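As structure tokens, the structure follows; a few thoughts come after it.
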Amino acid sequence: MALEEQIGKDLIQAMKAKDQATLRGIRAIKAAILLAKTDGSGKEMTPEREIEMLQKLVKQRRDSLAIFEEQNREDLAVKEREEIEVIQQYLPAQLTPEALEAEVGKIVAETGASSMKDMGKVMGIASRQLAGRAEGKAISEVVKKLLSQ
């Protein structure tokens, strides 16, 4: 089932349940889908593009969460955490740090990368293969760790 259809069904369920946290998260996803459809790029909503969009939404909320925590605004931080939780339900399961390191290790071996000079090559492949299952920042840290050994 396409993300848009799933969001529509879940939105109705959240409305019936009067679940405000879920409603906020789902409405954010729905708004992002509408923006992506009308952005004029002419790109079709592929599963990869949907994952990218969801990851961007989570990243935006994490950035806001950090600011709210820094400013001791727990009321706003709670809302951000709730929305992150809701949005992450639509993302593929995230890799554990050990599994991420194993996957990146395979990519490093396949490409024959041996130094930090090869980081761009490894990151390009790893970002494509692990899209949606790991954040870019986490991938980057593991690549740096493996190439600096």
**OP:** Inspect the stretch 136-144 for any residue being at pLDDT 85 or above, in contact with a Gly (Cβ under 8 Å, 6 or more places away or on another chain) and either assigned by TED's automatic domain parsing to the domain that holds residue 23 or within 17 Å of residue 52 (Cα to Cα) (or both) and give the result as yes or no.
**Re:** no
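Can you spot a residue in the stretch 40-47 that is surrounded by 15 or more Cβ atoms within 10 Å (Cβ to Cβ) and assigned by TED's automatic domain parsing to the domain that holds residue 19?
No, the conditions are met nowhere in the stretch 40-47.
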Original post:
Which condition number in (1) closer than 14 Å to residue 91 by Cβ; (2) more than 19 Å from the chain's Cα centre (by Cα) is the one that residue 16 fails?
Top reply: (1)
**OP:** Identify all residues within the stretch 95-122 that are surrounded by fewer than 15 Cβ atoms within 10 Å (Cβ to Cβ) and either touching a residue at least 60 places away in the same chain (Cβ under 8 Å) or within 21 Å of the chain's Cα centre (by Cα) (or both); write none if there are none.
**Re:** 96, 97, 98, 99, 102, 120
Original post:
Restricting attention to the stretch 31-50, does a residue exist that is over 17 Å from the mean Cα position of the chain (by Cα), within 22 Å of residue 94 (Cβ to Cβ) and without any contact (Cβ under 8 Å) to a residue 60 or more places away in the chain?
Top reply: no
Subject >> So residue 81, is it over 29 Å from residue 128 (Cβ atoms), surrounded by 12 or more Cβ atoms within 10 Å (Cβ to Cβ) and outside the structural domain of residue 137 (by TED's automatic domain parsing) >> reply: yes
**OP:** Filter the stretch 123-136 down to residues that are among the charged types (D, E, K, R) and without any contact (Cβ under 8 Å) to a residue 60 or more places away in the chain and give me whichever is surrounded by the most Cβ atoms within 10 Å (Cβ to Cβ).
**Re:** 133
Subject >> helices (runs of 4 or more DSSP H) within the stretch 63-149 that include 1 or more residues touching a helix residue (DSSP H, G or I) at 6+ places or on another chain (Cβ under 8 Å) and under 30 Å from residue 11 (Cβ atoms) >> reply: 74-88, 136-147
Original post:
Among the residues of the stretch 1-23, is any outside any helix (DSSP H, G or I), modelled with pLDDT under 90 and under 28 Å from residue 128 (Cα atoms)?
Top reply: yes
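The values are calculated or read from the model by the stated rules, or taken from the named source; none is laboratory data. This one's a predicted model, so the numbers in the text were calculated from it and none came from an experiment. With ideal geometry, Cβ positions are generated from the backbone for all residues, glycine too; neighbour counts draw on all protein chains shown.
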